[in-house]
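Quick notes on the structure that follows.
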Amino acid sequence: MSGVHRLLRQKGRLRGSPGVVARLAAPPGPGDPTALFSFDGIQVVRAGRQVLDIDHATIPLRGATGIVGPSGAGKSTLLRLCNRLESPSAGIVRFRNGDLAATDPLQHRRDVAMVFQHPVALPGTVADNLREADPTLDDAAVEVGLAAVGLPADVATRVADELSGGERQRVSLARSMATRPHVLLLDEATSALDATSAGRIETLVGTLAASGIIPIWVSHDIEQVRRVAEHVLVIIDGRVAQAGPVDQVLAGPRPDVRRFIEGTMS
Amino acid sequence: MSTSSIGLGGVAASLVLIVVAIVLSLRNRLGLERTIAWATFRAFVQLAVIGAALGLVLSPNASLLWSYLWVVAMIVVGGATVANRAKEVPGLFWLAILALTVAEGVSLAVVFGLGIFPLESRTIVPTAGLLLGNAISSTVLAARRSVTELREHRAQIEVRLSLGQAGPDAVRPHVREALRTAVTPQIEQTKIVGLVALPGAMTGLLLAGVKPLAAVEVQSAVMFLILGSVVITSVVVGQGVAHRLLTPEHQLDATLGS
């Protein structure tokens, strides 16, 4: 039995009933009250290469979204548009129906935090790392932040760069959460980790999601998206190949999406 | 001040050393004979042309305006040299011009404003040239190191940006590192001056017959000016490169690569 068929038989994970998240043929424009992010007429060109070409897509306001696709498809670029680490060459990104280009990028990034693929330790101790996000944190606040990612208080005084990869990624998560964001972007945040550490990050983010934080996962792993997300955007060759609730997409994948899924499961 | 001249005969005699170099190159099959001969010839012609032009600019009845024009020309050539030596740094020509102009402006203002040297053609042009010549390598180094530091630490910078830090704050530790690297050679040079090698200005003065203590005074002033201008150009170029590689939206420029 192929992985697709196994996946297609697993249903009933959806909570709530969000509609189709990305209506490829829908007219672009503001005013979608169910959208956290919407992308209209997005073109991203880097060094003469078209990285993204999205007519219209949305990331829903409720529930975790997974952005999945082969490597080099443009998933990370799409995620980076969400916190303005990159800007589109053309088109409009909207956040809660407001044009993102008109917002203060620094304020926005504190509200829409990011965890990167490779756990980056900034110089100094773990506490120093958390204070890069918020210099006013006292020792007690650092302790609370670390506890939220399952790290003991005595980690605070250790040199961040000397921690294991999994621990560093948890510190990264704590550091990102120190700006008190409402949205958490995860750019292949577990792909550089061993299975145990990856599972721990997934669990931690699940806990954050339960407390009201909206996670957006970029992953090349459809299985992970199935575990952590309710909605999915499948990006292939810079375009949204298919989008919707995870179960719906897995139940009726378009041919290129089916090929991608089978490729990752084999 | 006593002066001395070695005359064309002296120059010709010093060619003996070039002949020695060429013979050594031939015997050891270094294949450098032509290059050595060409470099020697080129240096002589360049200096002869410069000497003739300087003769006009520095003549006592020439207007000071010519000296200032000379300085401007040196800055332009300096900017082109810097841009050419660090081609990977975008827009470096104008940035180098800016940095060299600021350094020259500040240095010359100090030198002549405080009366360290009298404001004359014969002091303006050599002082400006000395500062420029020494500032160029540190300017190149500052530009290159700034780009390299930012490229190598892209991940750290983007983490800081993603935490809501402003672009200049996010790159500051790395620009600082680049600037330290760029000015350290000149600081080291200043520390050991006279111990290992006699610096150029002092050597020239001693050869020209100036008393050692007087030569030391001039050399000290020159060293301090060089160190000052090196730090000024490096800071201007380092900050300029960082500014150029950050977008108004506090992003790292996509052309920086990774």
Assuming 0.36 nm per residue, please report the length gained on full extension of the stretch B:ARG27 to B:TRP94 beyond their Cα-Cα distance. 19.5 nm
Among A:THR203, A:THR77, A:THR65: highest mean-square fluctuation, GNM of chain A, C-alpha pairs under 10 Å: A:THR203
For chain B, what relative contact order do you get, as a whole percent, if you take Cα pairs closer than 8 Å and at least 6 residues apart? 24
Gap separating the Cα centres of the stretch B:223-258 and the stretch A:239-264, nearest whole Å: 47
First select every other residue whose beta carbon is under 9 angstrom from the beta carbon of A:ARG94; then total the charges, Lys and Arg +1, Asp and Glu -1. -2
Largest fluctuation, B:ALA166, B:ALA103, B:ALA128 only, Gaussian network model of chain B with Cα springs under 10 angstrom, belongs to B:ALA166
When B:ASP253, B:ASP169 are arranged by how many other beta-carbons sit within 10 Å of their Cβ, fewest first, they go B:ASP253, B:ASP169
Convex hull over the Cα atoms of the stretch A:180-266, averaged projected area in nm²? 6.3
Given the convex hull of the Cα atoms of the protein assembly as shown, what is a quarter of its surface area in nm²? 34.5
Radius of gyration, Dmax [the stretch B:134-229; alpha carbons; angstrom]: 19.1, 63
Debye, to nearest 20: dipole size of the protein assembly as shown, +1 on Lys, Arg Cβ, -1 on Asp, Glu Cβ: 940
Length gained when the stretch B:LEU256-B:THR203 is fully extended (0.36 nm per residue, less Cα-Cα span): 14.7 nm
The answer for trypsin sites (Lys or Arg not before Pro) in the stretch B:1-61 that fall in a DSSP coil and have at most 11 neighbouring Cβ atoms within 10 Å is B:ARG29
With chain A treated as a Gaussian network of Cα nodes joined by springs under 10 Å, which of A:LEU208, A:LEU85, A:LEU233 yields the largest mean-square fluctuation? A:LEU85
Nearest 20 debye, what's the magnitude of the dipole of the stretch B:63-256 about its Cα centre given +1 on Lys and Arg Cβ and -1 on Asp and Glu Cβ? 220
Nearest-0.05 FRET efficiency for B:ALA39 and B:LEU195 at R0 = 25 Å, using Cβ-Cβ distance, is 0.25
Ranked on Cβ counts within 10 Å of their own Cβ, fewest leading, B:TRP70, A:TRP217 go B:TRP70, A:TRP217
Prolate/oblate/rounded call for the stretch B:1-58, Cα gyration tensor, a/c under 1.5 rounded: oblate
For the protein assembly as shown, what does -39500 (n - 2.57) per DSSP helix run (n ≥ 4), summed and divided by total residues, give at 222 nm, in deg cm²/dmol to the nearest 500? -18500 deg cm²/dmol
Applying 1/(1 + (r/R0)^6) with R0 = 30 Å to the Cβ-Cβ distance of A:ASP99 and A:GLU162, what FRET efficiency is obtained, to the nearest 0.05? 0.10
What is the projected area of the convex hull of the Cα atoms of the stretch A:3-265, averaged over all directions, in nm²? 14.0
Note down the nm distance, to one decimal, between modelled labels 7 Å out along Cα→Cβ at A:THR203 and at A:ARG46. 3.4
With the Cα gyration tensor of chain B in hand, give its eigenvalues times 5 under a square root as the equivalent ellipsoid semi-axes, listed largest first in whole angstrom. 38, 24, 18
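None of the figures in this text is laboratory data; all of them are computed from the coordinates on show. Being a predicted model, the structure only gives us computed values, none of them experimental. Reconstructed Cβ throughout: ideal geometry from the backbone, glycine too, with neighbour counts over all protein chains shown.
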